[in-house]
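Report on the following structure.
The values are calculated or read from the model by the stated rules, or taken from the named source; none is laboratory data. Please read all numbers here as calculations on a predicted model, not as lab measurements. Using ideal geometry, Cβ is built from the backbone for each residue, glycine included, and neighbour counts are taken over all protein chains shown. The area values use the complete protein model at the heavy-atom level, side chains included, leaving out ligands, DNA and RNA. Shrake-Rupley method; radii C 1.70, N 1.55, O 1.52, S 1.80 Å.
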Amino acid sequence: MTLPTGAAPRHTSAPRGLPTADEAVAHTLLNCLLREVSGPEHQTAVADDRLLLRLPRCGVLLRVALRRTSLLGAHRFTGPVTEQRDGDTWAEVGWRRLADYAQAELSLRTGVRNEEFLEQITSSHRNIRAALAAGPRPAAADRHLSYVASEQSLVFGHRFHPTPKARTGDADSWASYAPEAAASFPLRHLAVREGLIAEESAEPGAAHPLDRLDRLNHDDGPVVPTGYRLLPAHPWQYELLREHPALREALTRGDVIDLGEGGTPFAATASVRTLYDGETFLKFSLNIRITNCVRKNASYELAGAVALTRLLRPALTDLAVRFPGSAVLREPAYRGLALPGPDGVPDLALLEGFGVIVREGLSRRQLPGTTALLAAAVADEYPTGPGHISHLIDGAGPQVALDWWEAYLELLLPPVLAAYFDHGLVLEPHLQNVVVCVDDDGMPAQVLLRDLEGAKLLPEHHADALAALPPEVAGPMTYDAERGWDRVVYCLLVNHVAEMLAALADLHPETEPALWAKVRATLQNYAGRFGCPPRLAALLAGVPLPAKANLLTRWERKADREAGYVRLPSPLAEDVLSGATGTDTPWNAR
């Protein structure tokens, strides 16, 4: 029951409006079941512009109308999901019933129970409904506001994650701090005795963005007393930790002084806990579970960000010279609270809970005269913000879309491949980790990659550097070559390229084969210029592509690092593309 690899996509129009929260949750669950459960077991088919999907262990046959099919199998759905009842009768399946079916199928398939699953789906539905009620983000007045609007426009989240908007925490706090609510707020400021500050810097002055907050926040000059250092805190995190006994005692002793909230507002970005004031990104800990994880900076991640910034300086300089249309935002400093616990070592809950990572602001790397936009907002299935691809090319014909795509691929693919093959560096260029900078015509001019938490090193390239680090820092900083390659290909091609391609194909569906041909051509150009190692040769030959198994990972409650992969039939093989396009199609011309 599988759509044959290379089958020509069906050509229909872009979405005419936003889905309801019910439809969004049902379609996302169906995406996950298709990719990770029914698809790999050949329990799917496309017939009469509908997807049929069987959950064999439950004995359930589902159906949904297709707005557009996809060469990768990442189809676009429209309308309700239905199930077969009593022969040829089809009845609508609400998102709750579909979630029940998913839970039953996964329980039977894995032998594992997950009592959190349905509540997490319910949480995701509740938050999508609230975001839809808030309305779309309007067009912004300047470049900075356009960027912030793109960060805050992800209403539906990852469409191949079963609970993309699930989160803990009370609703009032979310309304104050969530990006979907266009949250912007002042930080909480603590003055901490110098001897109780934990801090590392990759270069002199790297922590200056933290110290400058004291000078900017008060017209009469700095208010942090002599002998103290400023430690900014996410105000929500401060509320979550303020009753910690060691913190209360430190406040009573005067080792920590609560200076209150104030100063320049910071905007919540798509990750929720990373905030931006137009100058600097500050990545805070937040003891809230969002999708899979409690979003705190582990102690090894604090040290690891600075260590990677220091270790990667030569590699990132080389990549910037060879590929001037791309850059990586460094994370050159962290600061935290080192209050001793009963055993005399810093209390880990407070060290990690108040640890903040300094990330370079856009202006440090961004080309002048460009507008930065979060790639996930540009590639969203639905135009929920002003940075969407439909606004960038604004009704232009298919040739403009192909030209836009060619320029984008040349900026994105070569530096990520060179990082892996030449420097043993695994970058994670998924949609939420990439900022695309466009010129005044909406054309791609630069890509910026961010978030060193996901960057890893291949041990065979960096043995001496890793040996010099504490084992608890070096260990989480590495992938073996095979796992690293899976991560690169998944983030680069399946999560990012395929989704950006899909957004373009929604505007001009007949171009989908030509868009994939551009991907192949860019990979071939790289191979011609820089060599074609076996892993790249296999990619060009059409080996299956790794897709991160978000549904199974969430179901089995694994850490993200332990996530497995399913394999998708690749649309990159030359014979697949020629079969999909036909030799006489005009889209083969370029």
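Name the single residue, out of those in the range 48-83 being part of a strand (DSSP E or B) and among the polar types (S, T, N, Q), that is most open to solvent (accessible area, probe 1.4 Å).
By that ranking, first place goes to 78.
What tally of residues in the range 110-138 results from selecting those that are open to solvent by 40 Å² or more (accessible area, probe 1.4 Å) and on the phi > 0 side of the Ramachandran plot?
Counting residues in the range 110-138 that are open to solvent by 40 Å² or more (accessible area, probe 1.4 Å) and on the phi > 0 side of the Ramachandran plot gives 1.
Go through the range 524-579 residue by residue and tally those that are free of Cβ contacts under 8 Å to residues at least 12 places away in the same chain, over 19 Å from the mean Cα position of the chain (by Cα) and not in a helix (DSSP H, G or I).
The qualifying residues number 1.
Of the residues that sit in the range 316-331 and are of a type outside the set (Phe, Trp, Tyr) and out of contact with any strand residue (DSSP E or B) (no Cβ under 6 Å at 6 or more places or on another chain), which one is farthest from residue 232 (Cα to Cα)?
Of everything passing the filter in the range 316-331, 322 is farthest from residue 232 (Cα to Cα).
Got at least one residue in the range 156-168 being within 16 Å of the chain's Cα centre (by Cα) and under 11 Å from residue 385 (Cβ atoms)?
Scanning the range 156-168, I find no residue that is within 16 Å of the chain's Cα centre (by Cα) and under 11 Å from residue 385 (Cβ atoms), so the answer is no.
Testing residue 196 on (1) touching a Pro at 6+ places or on another chain (Cβ under 6 Å); (2) surrounded by fewer than 21 Cβ atoms within 10 Å (Cβ to Cβ), one condition comes back false. Which one is that?
(1)
When the range 480-497 is examined, which residues are found to be in contact (Cβ under 8 Å) with a residue 60 or more places away in the chain, open to solvent by less than 10 Å² (accessible area, probe 1.4 Å) and over 14 Å from the mean Cα position of the chain (by Cα)?
Selection gives 484 alone.
Of all the helices (runs of 4 or more DSSP H) wholly in the range 396-476, which have at least 2 residues that are within 24 Å of residue 532 (Cβ to Cβ) and of a type outside the set (Lys, Arg)? I'd like the intermediate steps shown before the answer.
Working: elements: 398-423, 463-467, 471-474.
Counting at least 2 such residues, we get 398-423.
Can you pull out every residue in the range 324-368 that is part of a helix (DSSP H, G or I) and over 26 Å from residue 432 (Cα atoms)?
Within the range 324-368, 348, 349, 350, 351 qualify.
Restricting to the range 295-323, give me the number of residues that are outside any helix (DSSP H, G or I), open to solvent by less than 10 Å² (accessible area, probe 1.4 Å) and of a type in the set (A, V, I, L, M, F, W, C).
Of the residues in that region, 1 qualify.
Out of all the residues in the range 434-447, is one or more under 23 Å from residue 560 (Cα atoms) and either touching a helix residue (DSSP H, G or I) at 6+ places or on another chain (Cβ under 6 Å) or modelled with pLDDT of 95 or more (or both)? Step through it out loud before you land on a result.
Within the range 434-447, the first condition is being under 23 Å from residue 560 (Cα atoms), and the residues that meet it are 434-435.
Those left that are additionally either touching a helix residue (DSSP H, G or I) at 6+ places or on another chain (Cβ under 6 Å) or modelled with pLDDT of 95 or more (or both): 434-435.
Within the range 434-447, one or more residues are under 23 Å from residue 560 (Cα atoms) and either touching a helix residue (DSSP H, G or I) at 6+ places or on another chain (Cβ under 6 Å) or modelled with pLDDT of 95 or more (or both).
Name, by its number, the condition in (1) in contact with a helix residue (DSSP H, G or I) (Cβ under 6 Å, 6 or more places away or on another chain); (2) of a type outside the set (Lys, Arg); (3) crowded, with 16+ Cβ neighbours inside 10 Å; (4) closer than 24 Å to residue 41 by Cβ that does not hold for residue 107.
(1)
Of everything in the range 335-365 that's among the aliphatic types (A, V, I, L, M) and more than 19 Å from residue 232 (Cβ to Cβ), which residue is farthest from the chain's Cα centre (by Cα)?
Per the stated criteria, the residue is 345.
Given the criterion in contact (Cβ under 8 Å) with a residue 60 or more places away in the chain, of a type in the set (A, V, I, L, M), in contact with a Ser or Thr (Cβ under 9 Å, 6 or more places away or on another chain) and open to solvent by 10 Å² or more (accessible area, probe 1.4 Å), identify the matching residue among 445, 465.
So the residue among 445, 465 that is in contact (Cβ under 8 Å) with a residue 60 or more places away in the chain, of a type in the set (A, V, I, L, M), in contact with a Ser or Thr (Cβ under 9 Å, 6 or more places away or on another chain) and open to solvent by 10 Å² or more (accessible area, probe 1.4 Å) is 445.
Just give me the residues in the range 169-193 being in a loop (DSSP other than H, G, I, E, B) and either open to solvent by less than 30 Å² (accessible area, probe 1.4 Å) or within 23 Å of residue 385 (Cα to Cα) (or both), in sequence order.
Scanning the range 169-193 gives 178, 182, 183.
Would you confirm whether any residue within the range 311-334 is farther than 30 Å from residue 161 by Cα and among the polar types (S, T, N, Q)?
Scanning the range 311-334 turns up at least one residue that is farther than 30 Å from residue 161 by Cα and among the polar types (S, T, N, Q).
So, in the range 139-153, exactly how many residues are open to solvent by less than 20 Å² (accessible area, probe 1.4 Å) and assigned to a loop (DSSP other than H, G, I, E, B)?
Looking only at that region, the number is 2.
What is the number of the single condition among (1) open to solvent by 70 Å² or more (accessible area, probe 1.4 Å); (2) within 27 Å of the chain's Cα centre (by Cα); (3) at positive phi that residue 86 does not meet?
Every condition holds for residue 86 apart from (2).
Condition check ((1) among the aliphatic types (A, V, I, L, M); (2) surrounded by fewer than 20 Cβ atoms within 10 Å (Cβ to Cβ); (3) closer than 29 Å to residue 511 by Cβ) across all residues:
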residue: 396; (1), (2), (3): yes, yes, yes
residue: 413; (1), (2), (3): yes, no, yes
residue: 426; (1), (2), (3): yes, no, no
residue: 430; (1), (2), (3): no, no, yes
residue: 461; (1), (2), (3): no, yes, no
residue: 471; (1), (2), (3): no, yes, no
residue: 478; (1), (2), (3): no, yes, no
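For the range 540-563, name all the residues that are open to solvent by 50 Å² or more (accessible area, probe 1.4 Å) and not aliphatic (A, V, I, L, M).
Answer for the range 540-563, where residues must be open to solvent by 50 Å² or more (accessible area, probe 1.4 Å) and not aliphatic (A, V, I, L, M): 544, 556, 557, 558, 561, 562.
How about the range 156-174: which of its residues are of a type in the set (S, T, N, Q) and either touching a strand residue (DSSP E or B) at 6+ places or on another chain (Cβ under 8 Å) or closer than 23 Å to residue 26 by Cβ (or both)?
Answer for the range 156-174, where residues must be of a type in the set (S, T, N, Q) and either touching a strand residue (DSSP E or B) at 6+ places or on another chain (Cβ under 8 Å) or closer than 23 Å to residue 26 by Cβ (or both): 163, 168.
Mind checking whether some residue in the range 364-372 is free of Cβ contacts under 8 Å to residues at least 40 places away in the same chain, open to solvent by 10 Å² or more (accessible area, probe 1.4 Å) and under 30 Å from residue 510 (Cβ atoms)?
No, the range 364-372 contains no residue that is free of Cβ contacts under 8 Å to residues at least 40 places away in the same chain, open to solvent by 10 Å² or more (accessible area, probe 1.4 Å) and under 30 Å from residue 510 (Cβ atoms).
Could you tell me how many of the residues in the range 403-430 are over 17 Å from residue 493 (Cα atoms) and in contact with a Ser or Thr (Cβ under 8 Å, 6 or more places away or on another chain)?
Summing the residues that are over 17 Å from residue 493 (Cα atoms) and in contact with a Ser or Thr (Cβ under 8 Å, 6 or more places away or on another chain) in the range 403-430 gives 0.
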